[in-house]
Structures are given as C-alpha cells and as structure tokens.
Amino acid sequence: DAGSFEEVLLQSPQGMQLIMEGLGGTGADSSEVVRNELLQLLQQITQQNKNIQQFVTYNDGFPMLLAIATEPEVEAAVTADCGSILSNLLGSSDLAKTLFCEDPGNVLRLQEMLQDYARYLLTQEGTDETAYEAAQLERRRGSAQMALSILQALLSPADENDAGALEQAQNFLWARAERPEPSALIHSALLLALAGPQEGHLDVVVSCLGFLEKLICKNGRIQGELSVLECQFLLQGSGLPKDTDWGFAAGISVLLDEQLQTHDPVLVGVLRLAIPVPGRDDHVPLLDAASKVFTAVFEGSEQVALQMMNHTATPPPFDPDMYAAAPDPEQDEEDAFQPSRAPFIIGREVIDFMVASLDRHLEARNALTTGDARAVALDADACVAARNAIRGLQLLQILFRGNGEGAAMLGLRIRVSCRGGDMTLLAYLVKSFGDLFPGAQDASAA
C-alpha cells in the first residue's frame, strides 16, 4: 500500500534524509543510477502526501532538483522526472510557490534553461544531426518545457479567486521593481515564442504562449507595458552579459523571420502567430495559443484597447530620425540600423488581414456561383479564406469588446481598401454582409 509505505518512510529516523542525500550526491552510494531510481521514487511519493512534499520543500528540494535537471549530460527522462517532482511540490500550496520565488537562484535557473534552448535553437548550433546533437537538442527542449511548466505553476494560485496572489507572482516574474523593462526571463520567453513554428519546436512555442497568457491576464501594468514594447528589446538581451553575442544573433533571426524591424511592436509578432500565413502549415494549438495571448493584452483594460484604437485611427507620422539609434563606435556606419518604413500598427494588421480574407472568400464564391446565388459551391480556397476571415473578425472583436467609443472610432474613422474601393470599415462590413446574404432584405436580418 503506497500510503502505508509513505508513513513508514516518514517515521523512519533517516528515511527521507537518506533519499535527499542520495539526490544531492552526498550519500554512501551516490551513483547516477541510484540517483535516477530515487528520482522515480520521489516522483511517486510526492504526488499526494503533504508531509513528504513539505519535507522535500524545506530541505533544499528546489535547488537540488533544478541542479540535476540542468546538468550538461543529463538524460531527457531525468529532466522530465525532476520537472514532475517540482510540479508536485509547487502544486501542494501557495507557500511552496512563495518559498521557490524567495530564492533568486531558482528563478535564475529557469531563466538559464530558457536561454540555453534559445541559444541552441536560434543560432543553429545543433545542425549536424548526429545522435549526440539530437540528444542534446532533446535535453535542452525538455529543460525548456520543464521551466515553462514551473512558471505556469507559479502563476496558478491554489485559490483561483485570489487576484492579489496572482498579481504579485505576475509582477515578480515580469520585472524587478527598479528595472524599466521586462526581465531577462521574459526576454528569453518572447524569443522562443516568436521563433515561430520550426520543426520540433511547436510544443515549446505553445508552452511559451501559455505562460505569457497567464503572465498578462488582467494585470494592467503588464498589459500596458507589453502593448508598447518594441522589438528593440529582443536585440538588447535585457540583462544578459554585454559580451553575449547570441542574444543579438537570435534577435536578428526572429526579426528577419517575422519581417519585423526594431521599432515594430513585439505584439505584432504574437499577432502573426495568431493568423494563418500562406505557405505555412496551420497548427491549430499554435493559432489558438497566440490568439489567447493577444486577447489577454486587451481583456479588462479599456485604456490599452482605446490607446490601440487611437493609434489605428490616427497613425503617427513616420520620421526615421525618431528611431535613429546612437552610433556604436565598434560598428561600421554602413551596418547601422535604419528603418525603411513606419512601424507596423497592430489594429491595422488585424483589419487588413480580415479584409483581405473576406474579399478572397467573396471573390472565390462569386466565381463558383451556379444558377441560384444562394446555392454556392465552395472550393478549398474559398473555405480557407472563409476560415481566415472568421479568425480576423474574432481578433477584431477583441478591440471592440466593452468599448463603445473605440468601436465607433474603428467603424467610422478607419478606412479600408477593398474590392469595392475605398470606404470606412463600417461601410465595408455592412456591404460584405449584403454580399454574403443577398436575399436578407428585412430589417431583422440586417
């Protein structure tokens, strides 16, 4: 009986202490094989037993497990066991989460795990495709997944209604109070999230987006700061050592991949993960996870939504001098960054995607109309365009939701170029409704 065994283990004068010594490499038999067996045992006995959970927590369990999981040659299965034990401990109580965060070394370990995978992935260090390289990549991927799982656990209070505990955890992970920008931890998470749907990397992207959603959710400070955060932040490395060139290389890789420039909002990169892109296989969990992050930025924050609408309705004039960076004495003048266009505007990106998709659907449908205009045979292209138009309308609703003034601003002041010419967004939506349902003439249908 598992319960009886756990009780006997706790009553034994040195039962749990010997297990912890074996994990830490200080026991009489501290071989790697024994340690790995102890991890599997600990994973089972920490699932339900509160006393064992507390014992491991108060006896340096967090730093010990993180140290094992980040050993250079550790197997992916061992990392997974460590992650499972840590999830058991952090899920036991909010006190365990507090104790984890009180040790700066624990959060630093998580940051290093994300940075290690980002460095390996974005600088393409592991491209030889040897068995060793494949194992190293799998180890790093497992470590990143483990770190993201722990971060999500830290943002999951035992009492879901305890908004104060959640906000405290969010602010702690987002940035230290004295810093004017997000932490290096957030820098690494954003780099991994925006790296895009590379083969074998999708699960990590989705996990990153899930962490970011929880981090942003209903936190006015983070919503506001993320909505104006520029891609320049990705290049700076946010607290990384100045001699670490991988941060710059990784940032450049992301910017080129997403066709972004340093003065574009980071949120545009998230938005582009939320909408299907021609030539890229659709991945529904990725689209949904990115949409949830985009929603979280505006949900419950009328100020952020209204600011975004104002920016969309009245874009600021483009002045390249506004974005000119201070010259770097170690950099050739010809290599210095010069913006070639105005920054992308998030609201305009959503609107243009929706209009292009809806126009494409209507064009394809009209081309396939046979006889009765209501009996339309839709080909695959029209179906894809319809699905994209629906996604665009859903994203647009996020900006409209709960903000009548902003909805009016978007509908009446913003103009779109479409197959019917140039018109206001509201006129376009009404016209498109009429084109979709030509027989709907009565007032209730309209």
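The values are calculated or read from the model by the stated rules, or taken from the named source; none is laboratory data. Note that this is a predicted model, so its numbers are computed, not measured. Counting neighbours? That spans all protein chains shown, and the Cβs are built from the backbone with ideal geometry, glycine included. Ligands, DNA and RNA are excluded from the accessible area calculation, which covers all protein heavy atoms including side chains. Shrake-Rupley method; radii C 1.70, N 1.55, O 1.52, S 1.80 Å.
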Some residue of the stretch 61-78 being open to solvent by less than 20 Å² (accessible area, probe 1.4 Å) and in a loop (DSSP other than H, G, I, E, B): yes
Flag for Leu396 being at pLDDT below 90, over 23 Å from Pro317 (Cα atoms) and under 28 Å from the mean Cα position of the chain (by Cα): yes
Every residue from the stretch 87-114 that is within 22 Å of the chain's Cα centre (by Cα) and either closer than 14 Å to Leu23 by Cα or free of Cβ contacts under 8 Å to residues at least 12 places away in the same chain (or both): Leu108
Members of the stretch 272-302 found to be closer than 15 Å to Ser357 by Cβ, modelled with pLDDT of 85 or more and open to solvent by 60 Å² or more (accessible area, probe 1.4 Å), listed by number: none
Which listed residue, of Gly406, Gly347, is within 15 Å of Thr312 (Cα to Cα), surrounded by 14 or more Cβ atoms within 10 Å (Cβ to Cβ) and at pLDDT below 80: Gly406
Residues that are under 13 Å from Met113 (Cβ atoms), touching a Lys or Arg at 6+ places or on another chain (Cβ under 9 Å) and in contact (Cβ under 8 Å) with a residue 24 or more places away in the chain, drawn from the stretch 48-75: Leu66, Ala67, Ile68, Ala69, Thr70, Val74
Filtered residue count, the stretch 147-166, keeping only those that are within 20 Å of the chain's Cα centre (by Cα) and either of a type in the set (Phe, Trp, Tyr) or more than 13 Å from Gly91 (Cβ to Cβ) (or both): 4
